[in-house]
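Chemist: Got a structure for you, questions after.
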Amino acid sequence: MILNIARKELKSLFASPMGWTILALLMALLGNFYLTGVNKYFEVMSGAVRPAERVGVTIFVGQTVFGIARYIMLFAVPLLTMRLISEERRNQTLPFLFSAPISLTEIVLGKFVGLIIFLSILIVYIFMMLITLNIWSDIDFGYLIANSFGLWLLLGSFSALGIYFSSLTKQPIIAAILSFISLFALIFLESMFASDPNHWFAYVSLMKHFQSFSRGMIDTSDLIYFFLFISTFLTLTIRRLDAERLRG
Amino acid sequence: MSNLTLEAIELTRLFGGREAVKNVSFQLEKGEVLGFLGPNGAGKSTTMRMLTGNLAPSIGTVKICGIDMIENPKEAKALIGYLPEMRPIYKELTVDEFLTIAARLHKVPSKQIKKAVEIAKQKCGLSHMSKRLIENLSNGYQQRVAIAQAIIHNPLVVILDEPTVGLDPIQIREIGQKHSVILSTHILPEVEMVCDRVQIIDKGNLVFHGSIDELKQHRQGNKLMVGFAKAPTVSALKDIEGVIKVEKAEDRMYRIHFKNKQSPADAIVRLSVKNRWGLYQIAPDQTSLEDVFVQLTEKKQTN
């Protein structure tokens, strides 16, 4: 049932030019950064004489691409999540889902999974793009996999939060703005508390937990953080839709 | 199990302290078409949303074939098809795509989906529209898509909220042969054409509940509208046997009230010919739905 809803979401994403356009634009942007990354690598490395200054090509290019990817997705994910629930509410199509024999949990999870599948297409593309480095050098696959996995979890968190804000309102644009602002805050919380890195506020920051992945390390405590983040917002969404049924 | 497909037991729904629906109970039998009438804002849609599990009742229960909607929503929802007032269709999809999704979400086994879509399209007269985007269909056809969506899984009970834009009464009757139907409307002639039973709701209260004939009687009443070119005096009309009261309506028209089953139509025609009154119109005076509502609500209050 969850997959059926996910299929429906994917279908409506790709039924309009929206899904295709977003994928194409994002890939064009990231591809551009990939190319400049490779060019810069040669520039920088030809200047670095001492061995200590040298960095592997995977880390150098990977950092450029993944570093920029999370900021681009900060804009892209709210645009994708905004329509998930609020547009259905505006078009009055929610009763279609509510009167089908599916639970609210299945509806919300289905929508989330649908979006994650869409975003996974993008991550797989990024991964494949970086693998092409392997044609002329030896690359660190572990580093790429950890980074992709981290980005995947990060996008999952973005999506969960975006779905929640989408369930709060009837206007997709308001949902997008709200989720963008809160994601922005969550990401930059860490730099706001740079002087006191052990403050609990800094610990809440999404970026802090992404850092271990971007160093090529999969840390279970960060895994749990992302898992909790996603499940919290999905639960809140379910609660919110349930309240609608009770309150009317 | 008896023949009951749907039971509403003492449904009450509060919106911020105000009762939108008050203590409404009714039952629906297999293969029956129940008309749900009422003026705007009477609580028709609220009741229907409760019946379909879109809204939780404040008090009371809904049972579909004995399955409680609140305790086992999934099982109960599988047995109903619902068309809300605002049609829930995804306009960016084609008719086939949308109906396939509807079938899938209603747990039609995957091997039968294609067949179910074909049958639903055929029933609603959509077969030649399969590949069209719903967005590009006319208003009436969009409504048909919404109805097809409600009957695609062959539910026992079909609940249609103001469905008649897209369907002619014959099609609704056809649906009624296989499913029990509840349909709401505020157009009275429509109800008389399709329904077996009628109930009228006003300000959240169920004010009338009965067969279509009882409603017709309420509606036609014992009144005649008569028009004369050379009008006789009121007293001359009043002397005719069976007449209780004569009211002068606009422009040489008279509204004649008569005793039950003693229609003076024949006598009026004969007298008119004899006395050269110049009768040019004689017809049963049909009360509008609003008048029926007023009658019924007043009757309820005096009781």
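Just so it is clear, none of the values below were taken in a lab; they were calculated from the coordinates. Note that the structure is predicted; figures quoted are calculated from it, not measured. Heads up, the Cβs are rebuilt from the backbone with ideal geometry, glycines too, and the neighbour counts pull from every protein chain shown.
Chemist: Each label point is 7 Å from the Cα along the Cα-to-Cβ direction; what then is the distance between the points at A:Ile121 and A:Arg90, in nm?
Modeler: 2.3
Chemist: Among A:Tyr125, A:Leu206, A:Ile177, pick out the residue whose Cα is farthest towards the positive end of the charge dipole of chain A, where Lys and Arg carry +1 and Asp and Glu carry -1 on C-beta, about the Cα centre.
Modeler: Value: A:Ile177.
Chemist: Moving to a separate point now. Reachable lysines from B:Lys261, Cα under 20 Å, same-chain residues fewer than 8 places away excluded?
Modeler: B:Lys216, B:Lys223, B:Lys238, B:Lys245
Chemist: Another question, then. Going by amide H atoms built from the backbone, whose H comes under 5 Å of the H on B:Ser58, apart from near neighbours?
Modeler: Hits under the 5 Å cutoff: B:Thr12, B:Arg13, B:Leu14.
Chemist: What do the square roots of 5 times the Cα gyration tensor eigenvalues come to for chain B, in whole Å, largest first, as semi-axes of the equivalent ellipsoid?
Modeler: Result for chain B: semi-axes of 45, 24, 15 Å.
Chemist: Share of antiparallel DSSP beta bridges in chain B, in percent to the nearest 5?
Modeler: About 65 percent, rounded to the nearest 5.
Chemist: Quick one: A:Glu88, B:Glu192, B:Glu247, fewest Cβ neighbours within 10 Å first, how do they rank?
Modeler: B:Glu247, B:Glu192, A:Glu88
Chemist: Taking 7 Å along the Cα-to-C-beta vector as the label spot, tell me the B:Asp68-A:Ile72 distance in nanometres, rounded to one decimal.
Modeler: 5.4
Chemist: I would also like to ask the following. How do A:Asp242, B:Asp213 rank when sorted from fewest to most other Cβ atoms within 10 Å of their own Cβ?
Modeler: B:Asp213, A:Asp242
Chemist: Same structure again: Please compute the alpha carbon radius of gyration of the protein assembly as shown, then divide it by the globular-protein estimate 2.2 N^0.38 Å. Two decimals is fine.
Modeler: 1.37
Chemist: Using a 10 angstrom cutoff on alpha carbons, build the Gaussian network for chain B and name the most mobile of B:Val21, B:Val246, B:Val191.
Modeler: Among B:Val21, B:Val246, B:Val191, the largest mean-square fluctuation in the Gaussian network model of chain B belongs to B:Val246.
Chemist: From the residues A:Met217, A:Ile2, A:Val77, which one has its Cα farthest along the dipole of the protein assembly as shown in the positive direction, the dipole being from +1 and -1 charges on Cβ of Lys/Arg and Asp/Glu about the Cα centre?
Modeler: Checked the options; the winner is A:Ile2.
Chemist: Pull up the DSSP beta bridges for the protein assembly as shown and report the antiparallel fraction as a percent, rounded to 5.
Modeler: Restricted to the protein assembly as shown, the bridges split so that about 65 percent are antiparallel.
Chemist: When DSSP assigns beta bridges and you keep just the ones with both residues in the stretch B:141-266, what percent turn out antiparallel, to the nearest 5?
Modeler: The answer is about 75 percent antiparallel.
Chemist: Work out the FRET efficiency for A:Leu228 and B:Ser127 from their Cβ-Cβ distance, taking R0 = 56 Å, and round it to the nearest 0.05.
Modeler: Working from the Cβ atoms, E equals 0.65.
Chemist: Go ahead and set up a Gaussian network model of chain A, Cα springs under 10 Å, then flag whichever of A:Tyr164, A:Tyr34, A:Tyr203 fluctuates most.
Modeler: Fluctuation is largest for A:Tyr203.
Chemist: Can you give the translational diffusion coefficient of the stretch A:95-204 in µm²/s, computed by Stokes-Einstein from the Kirkwood radius over Cα pairs at 4 °C and 1.567 mPa s?
Modeler: 77
Chemist: Tell me the GluC sites (Glu not before Pro) within the stretch B:1-110 that lie in a loop according to DSSP and have at most 13 other beta-carbon atoms within 10 Å.
Modeler: B:Glu71
Chemist: Past the 25 Å Cα-Cα mark, which pairs from B:Lys91/B:Lys114; B:Lys111/B:Lys131; B:Lys44/B:Lys74; A:Lys8/A:Lys170; A:Lys11/B:Lys121; A:Lys170/B:Lys123?
Modeler: Over 25 Å apart, Cα to Cα: A:Lys170/B:Lys123.
Chemist: What number, rounded to the nearest 500 deg cm²/dmol, is the helix-based mean residue ellipticity at 222 nm of the protein assembly as shown, given -39500 (n - 2.57) per DSSP H run of at least four residues and division by all its residues?
Modeler: -18000 deg cm²/dmol
Chemist: Could you check the spin-label model distance between B:Lys107 and B:Ile170? Points 7 Å from the Cα along Cα→Cβ, value in nm.
Modeler: Going by the 7 Å Cα→Cβ label model, 3.7 nm.
Chemist: Moving on. Can you give me the C-alpha center-to-center distance between the stretch B:29-67 and the stretch A:197-248, rounded to a whole angstrom?
Modeler: About 40 Å separates the Cα centre of the stretch B:29-67 from the one of the stretch A:197-248.
Chemist: Given contacts defined as C-alpha pairs under 8 Å and at least six residues apart, what's the relative contact order of chain A, whole-number percent?
Modeler: Normalised by residue count, the contact order of chain A is 25 percent.
Chemist: Hey, fewest Cβ within 10 Å first, where do B:Ile159, A:Ile224 land in order?
Modeler: A:Ile224, B:Ile159
Chemist: Then there is this: Calculate the FRET efficiency for B:Arg18 and B:Gln295 from the Cβ-Cβ distance with a Förster distance of 30 Å, rounded to the nearest 0.05.
Modeler: Calculated value: 0.70.
Chemist: In a Debye calculation with equal point scatterers on the alpha-carbon sites of the stretch B:136-200 and no solvent, what is log10 I(q)/I(0) at q = 0.26, 0.27 Å⁻¹?
Modeler: -1.27, -1.35
Chemist: Between A:Met207 and A:Leu35, 0.36 nm times their residue separation minus their Cα-Cα distance comes to what?
Modeler: Gain on extension, A:Met207 to A:Leu35, equals 59.4 nm.
Chemist: So if I place +1 on the C-beta of Lys and Arg and -1 on the C-beta of Asp and Glu, and nothing else carries charge, what would the dipole magnitude of the stretch A:1-96 be about its Cα centre? I want it in debye, nearest 20.
Modeler: With Lys and Arg at +1 and Asp and Glu at -1, about 180 debye.
Chemist: Among B:Ile113, B:Ile172, B:Ile201, determine the one that fluctuates most according to a GNM of chain B built with springs between C-alpha atoms less than 10 Å apart.
Modeler: Greatest mean-square fluctuation among the candidates belongs to B:Ile113.
Chemist: What FRET efficiency, computed as 1/(1 + (r/R0)^6) with R0 = 30 Å and r the Cβ-Cβ distance, is obtained for B:Ile187 and B:Asp239, rounded to the nearest 0.05?
Modeler: 0.15
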